Amino acid sequence: MIEKIDLHCHTNASDGAFSPKDIALRAIARGLRYLAITDHDCVNGIKEAQESAKDSNLTIIPGIEISTTWRGAQIHIVGLCIDYTSKALLDLIARQRVKREQRAQAIGLKLEKLGFKDALAKTKEQASDGAVITRGNYARFLVSTGLFSSTDEAFNKYLKKGGRAYVNTEWIDVKEACEIILLSGGIPVLAHPKRYTLTNTKLRALIEYFKEAGGIAIEVSSSQQSPDDRRYLADLCTRYDMLASCGSDFHTENRWRDLGLNLAMPDSVKPVWTHKKAQEYFKD
Ligand code: AMP
Ligand code: MN
Ligand code: MN
Ligand code: MN
């Protein structure tokens with residue numbers, strides 16, 4: 001089932017496989033009305049996507065997915081309806097880019113030692129010019145060597161915490177990410193809460209921390225998700241009086257995850273597009 005609203009996806013401005021134009025065309029072909037572009041620590045894909053959707057029924061929502069650290073876990077905070085020219089936001093992006101480049105080089109060195117010649121250069125070759133490099137880009141490079149059957153395998157053996165090429169990074173605090181999203185006029189959303197493999201107690205503590213920091217919504221519906229998880233997250237929205245978002249987190253051609261795929265919202269939640277900051281974009 002394809003829904004008309006998808007508020008989380010990636011272009012090749014970060015670790016997505018498709019250009020912003022191709023993402024917009026894909027969304028139009030699938031009949032979407034609203035799509036947020038939420039690249040990792042980067043807003044470079046938004047304008048091209050907006051221009052490509054100009055004469056269609058599709059509205060592109062400017063967004064970002066910011067990497068943060070909370071109690072040692074890497075937590076992603078999505079910002080929706082941001083002013084992507086905001087100085088506070090661009091300053092943060094510049095800082096994150098330095099950290100990401102240092103980390104990408106450190107991962108590259110580890111992979112070189114493991115026998116993957118020119119790992120960083122080849123990873124960058126497969127990305128767009130100036131793209132923000134994530135472990136997702138490295139996973140794609142590793143799969144292209146023919147030594148891994150899937151990005152999952154590349155993650156499990158090399159890139160995930162404890163993997164042979166893992167490099168730890170201390171990202172900014174959840175609070176700082178929320179503050180900057182709010183300063184840029186946007187709505188902070190806790191991305192894919194079930195993917196952090198936190199205990200329920202810890203997840204509730206994270207949501208309390210996020211809400212205290214100005215967090216407004218929780219991503220409740222995502223493409224690849226059990227009905228139990230969706231219900232659980234909807235109940236958390238009720239419990240903490242938060243709005244609900246939905247996003248495929250689409251990166252590349254995949255049977256289970258695609259723009260708008262399987263993103264129905266439970267009846268009990270109040271969608272994030274009812275927020276006053278979203279009114280400029282969501283017209284009907
Ligand atoms: P980073 O922000 O550099 O730590 O990279 C995180 C990105 O890696 C995520 O946004 C995903 O695109 C990708 N990723 C994380 N875990 C996996 C996995 N198990 N398989 C494939 N891609 C993954
Ligand atoms: Mn990614
Ligand atoms: Mn994420
Ligand atoms: Mn994402």
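The values are calculated or read from the model by the stated rules, or taken from the named source; none is laboratory data. Just so it is clear, the structure is predicted and the values come from calculations on it, not from any experiment. As a convention, Cβ positions derive from the backbone with ideal geometry for all residues, glycine included, and neighbour counts pool all protein chains shown. These accessible areas exclude ligands, DNA and RNA; they are computed on the full protein's heavy atoms, side chains included. Shrake-Rupley method; radii C 1.70, N 1.55, O 1.52, S 1.80 Å.
Quick notes
- Taking segment 146-190 as the range and being out of contact with any Lys or Arg (no Cβ under 8 Å at 6 or more places or on another chain), over 25 Å from Arg71 (Cβ atoms) and of a type in the set (D, E, K, R) as the test, the residues that pass are Asp152, Glu153.
- Index of the failed condition, Ile82 passing every other in (1) farther than 29 Å from Lys194 by Cα; (2) touching a Leu at 6+ places or on another chain (Cβ under 8 Å); (3) part of a loop (DSSP other than H, G, I, E, B): (1)
- Residue check, Asp267 farther than 19 Å from Ile28 by Cα, open to solvent by 100 Å² or more (accessible area, probe 1.4 Å), among the acidic types (Asp, Glu) and not in a strand (DSSP E or B): yes
- Subset of segment 266-284 (residues that are in contact with a Cys (Cβ under 6 Å, 6 or more places away or on another chain), in contact (Cβ under 8 Å) with a residue 60 or more places away in the chain and of a type in the set (A, V, I, L, M, F, W, C)): Ala278
- Some residue of segment 21-44 being at pLDDT 95 or above, aliphatic (A, V, I, L, M), within 25 Å of Thr274 (Cβ to Cβ) and open to solvent by 10 Å² or more (accessible area, probe 1.4 Å): yes
- Filter result for Thr59 (among the hydroxyl-bearing types (Ser, Thr, Tyr) and away from ligand 4 (no atom under 16 Å from the Cβ)): yes
- In summary, helices (runs of 4 or more DSSP H) completely within segment 139-246 and bearing 1 or more residues that are open to solvent by 10 Å² or more (accessible area, probe 1.4 Å) and within 16 Å of ligand 3 (Cβ to nearest atom) occur at 151-154, 227-240.
- Each residue in segment 241-273 was checked for being closer than 18 Å to Ile181 by Cβ and either over 19 Å from the mean Cα position of the chain (by Cα) or aromatic (Phe, Trp, Tyr) (or both), and 2 pass.
So that you can scan it fast, the table gives a plain yes or no per residue for (1) at positive phi; (2) in contact (Cβ under 8 Å) with a residue 24 or more places away in the chain; (3) in contact with a strand residue (DSSP E or B) (Cβ under 6 Å, 6 or more places away or on another chain); (4) within 16 Å of ligand 3 (Cβ to nearest atom):
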{"site": "Leu35", "(1), (2), (3), (4)": "no, yes, yes, no"}
{"site": "Asn44", "(1), (2), (3), (4)": "no, yes, no, no"}
{"site": "Ser52", "(1), (2), (3), (4)": "no, yes, no, no"}
{"site": "Pro62", "(1), (2), (3), (4)": "no, yes, no, no"}
{"site": "Ile77", "(1), (2), (3), (4)": "no, yes, yes, yes"}
{"site": "Asp83", "(1), (2), (3), (4)": "no, yes, no, no"}
{"site": "Arg100", "(1), (2), (3), (4)": "no, yes, no, yes"}
{"site": "Ala104", "(1), (2), (3), (4)": "no, yes, no, no"}
{"site": "Lys110", "(1), (2), (3), (4)": "no, yes, no, no"}
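- Flag for Ala119 being out of contact with any strand residue (DSSP E or B) (no Cβ under 9 Å at 6 or more places or on another chain), under 30 Å from Ala205 (Cα atoms), open to solvent by less than 70 Å² (accessible area, probe 1.4 Å) and modelled with pLDDT of 95 or more: no
- When segment 16-62 is filtered for residues that are in contact with a Gly (Cβ under 6 Å, 6 or more places away or on another chain) and not in a loop (DSSP other than H, G, I, E, B), the ones remaining, listed by number, are Pro20, Ala36, Ile37.
- When segment 175-219 is limited to residues that are β-branched (Val, Ile, Thr) and farther than 17 Å from His275 by Cα, the one that is farthest from ligand 1 (Cβ to nearest atom) turns out to be Thr201.
- With respect to being open to solvent by less than 40 Å² (accessible area, probe 1.4 Å) and away from ligand 3 (no atom under 15 Å from the Cβ), Ala278 fits the description.
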